[in-house]
1. Restricting attention to segment 14-34, and to residues there that are modelled with pLDDT of 75 or more and among the charged types (D, E, K, R), which single residue is farthest from VAL78 (Cα to Cα)?
2. Going by the conditions given, is LEU47 more than 30 Å from GLN116 (Cα to Cα), modelled with pLDDT of 90 or more and not assigned by TED's automatic domain parsing to the domain that holds HIS115?
3. Just give me the residues in segment 46-64 being surrounded by fewer than 17 Cβ atoms within 10 Å (Cβ to Cβ) and among the aliphatic types (A, V, I, L, M), in sequence order.
4. Tell me whether segment 65-78 contains one or more residues that are surrounded by 15 or more Cβ atoms within 10 Å (Cβ to Cβ), within 30 Å of the chain's Cα centre (by Cα), outside any helix (DSSP H, G or I) and at pLDDT below 80.
5. Scan segment 15-45 for residues that are within 19 Å of the chain's Cα centre (by Cα) and among the aliphatic types (A, V, I, L, M) and jot them down.
6. Give the residues of segment 36-52 that are under 19 Å from ILE71 (Cα atoms), in contact (Cβ under 8 Å) with a residue 12 or more places away in the chain and of a type outside the set (Gly, Ala, Ser), sorted by residue number.
Amino acid sequence: MESMETRTEFGEGPREGELTKQLETYTGAIPSSAYLTIAVGAMAASLLFQVAGRSKWGNFIGQWVPTWLLIGLYNKLVKVEGHDRADLASREQPGVYVCEFCESRFSFRDDLENHQKHCRLRNQAAATSTE
């Protein structure tokens, strides 16, 4: 039996399954605050059942709270980190991208776009200071 190793380099290690990607696409549309709201609602419902003397129902609903908080945390991590790194690497292949303002060269389009934002702001500031 082979062991599955996780590596940190791009393109190596296990990949996300298609089902996982689809689920993350759907759950990513739900705001993270919704999961927190559901968890707080479960706490309130649990308290109401406990006060009403239905402690079994109160305990049952109270056990949902950590589940909803964990689902919310997972949802937030997926939004921040995206899908696995191997998929990210396969989407954008290194190339040569040149800044239209200063002709600096970059390997990835995201780096170029971030750089161009700063170049654009520098050019606007320089134009404003000369007026």
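1. GLU18
2. Numbers: more than 30 Å from GLN116 (Cα to Cα): yes; modelled with pLDDT of 90 or more: yes; not assigned by TED's automatic domain parsing to the domain that holds HIS115: yes.
Taking the combined requirement at face value, the residue satisfies it.
3. Passing the criteria: LEU47, LEU48, VAL51, ALA52.
4. No, because not a single residue in segment 65-78 is surrounded by 15 or more Cβ atoms within 10 Å (Cβ to Cβ), within 30 Å of the chain's Cα centre (by Cα), outside any helix (DSSP H, G or I) and at pLDDT below 80.
5. Passing the criteria: LEU19, LEU23, ALA29, ILE30, ALA34, LEU36.
6. Answer for segment 36-52, where residues must be under 19 Å from ILE71 (Cα atoms), in contact (Cβ under 8 Å) with a residue 12 or more places away in the chain and of a type outside the set (Gly, Ala, Ser): LEU36, ILE38, MET43.
The values are calculated or read from the model by the stated rules, or taken from the named source; none is laboratory data. Bear in mind that the values here come from a model prediction, so they are computed numbers and not experimental data. Note that each Cβ is placed from the backbone with ideal geometry, even for glycine, and that neighbours are counted across all protein chains shown.
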